[in-house]
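First the structure, in the form of structure tokens, and then the observations on it.
The values are calculated or read from the model by the stated rules, or taken from the named source; none is laboratory data. Computed from a predicted model, the values in this text were never measured in an experiment. A quick note on method: Cβ atoms are made from the backbone with ideal geometry, for glycine too, and the neighbour counts reach across all protein chains shown.
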Amino acid sequence: MTHKFTHRVATKDDIPVLTSIMNASIGKLQDGFLTPEQVQASYELMGMDTQLIEDGTYYAIECEGEIVGCGGWSRRETLYGANHTKGRNPRLLDPETEAARIRAMYTHPGWARQGIGRMIMELCEGKAREEGFRTCQLMATLSGEPLYKVCGYSPVVYEEVPTSLGVNVPLIKMEKSLV
């Protein structure tokens, strides 16, 4: 069965539903890619970044009025993370010399592998291109890397990001030219 997905700019009122989708996605879609300890530690590095909603660059993906996924892009320096993640920087990027950020992509586990991720990527890359960005970067989880490769992103660096739980979470910085 083919579903018709629509998108809209996410609002503050969506935060509870979006957070629920994020938590379900983090907890389920990383199975087979990370140890249970790494999945638990991932919550420290991932989740809701309300700056994206405030900037109007975060999208809710819906099917028949139900939010089934979300994701966005940013013109700010922060590459990944939630409101609570260390190392955030709200500095605006220069589209001529710096890469836009693809951020916080999550699909509800019940809706995975149905085209939601690609829809978000196309939407975000198009918006970044409209604002003059020539490149996009993102920080991928191991479970997200296959999608990003199919969408034309190349790995730049593999990292083991330490958490307060004493567990390192593997992440991959990836990049794509928009020109």
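Rundown of residues vs (1) at pLDDT 95 or above; (2) out of contact with any Ser or Thr (no Cβ under 8 Å at 6 or more places or on another chain); (3) over 20 Å from Gly166 (Cα atoms), yes/no style:
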| position | (1), (2), (3) |
| --- | --- |
| Leu29 | yes, no, yes |
| Phe33 | yes, no, no |
| Gln38 | yes, yes, no |
| Ile53 | yes, no, yes |
| Glu66 | yes, yes, yes |
| Glu77 | yes, yes, yes |
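Candidates in the stretch 166-179 are the residues that are at pLDDT 95 or above and more than 18 Å from the chain's Cα centre (by Cα); of these, the one that is nearest to Leu79 (Cα to Cα) is Asn168. Restricting the first member to the stretch 159-179 and to residues that are of a type in the set (Phe, Trp, Tyr), and the second to residues that are in a strand (DSSP E or B) and surrounded by 13 or more Cβ atoms within 10 Å (Cβ to Cβ), no beta-carbon pair is closer than 7 Å while six or more apart or on different chains.
On inspection, Glu96 fails the criterion of being in a helix (DSSP H, G or I), at pLDDT 95 or above and out of contact with any Asp or Glu (no Cβ under 7 Å at 6 or more places or on another chain).
For every residue, the table says whether it meets (1) farther than 20 Å from Phe5 by Cα; (2) crowded, with 19+ Cβ neighbours inside 10 Å.
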| site | (1), (2) |
| --- | --- |
| Ser25 | no, yes |
| Ala41 | yes, yes |
| Gln51 | yes, no |
| Ala60 | no, yes |
| Ser74 | yes, yes |
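Going through (1) more than 24 Å from Thr2 (Cα to Cα); (2) of a type in the set (Phe, Trp, Tyr); (3) crowded, with 16+ Cβ neighbours inside 10 Å one by one, Tyr158 falls short only on (3). Looking across the stretch 134-163 at every residue that is of a type in the set (Ser, Thr, Tyr) and in contact with a helix residue (DSSP H, G or I) (Cβ under 6 Å, 6 or more places away or on another chain), the one that is farthest from Gly27 (Cα to Cα) is identified as Thr163.
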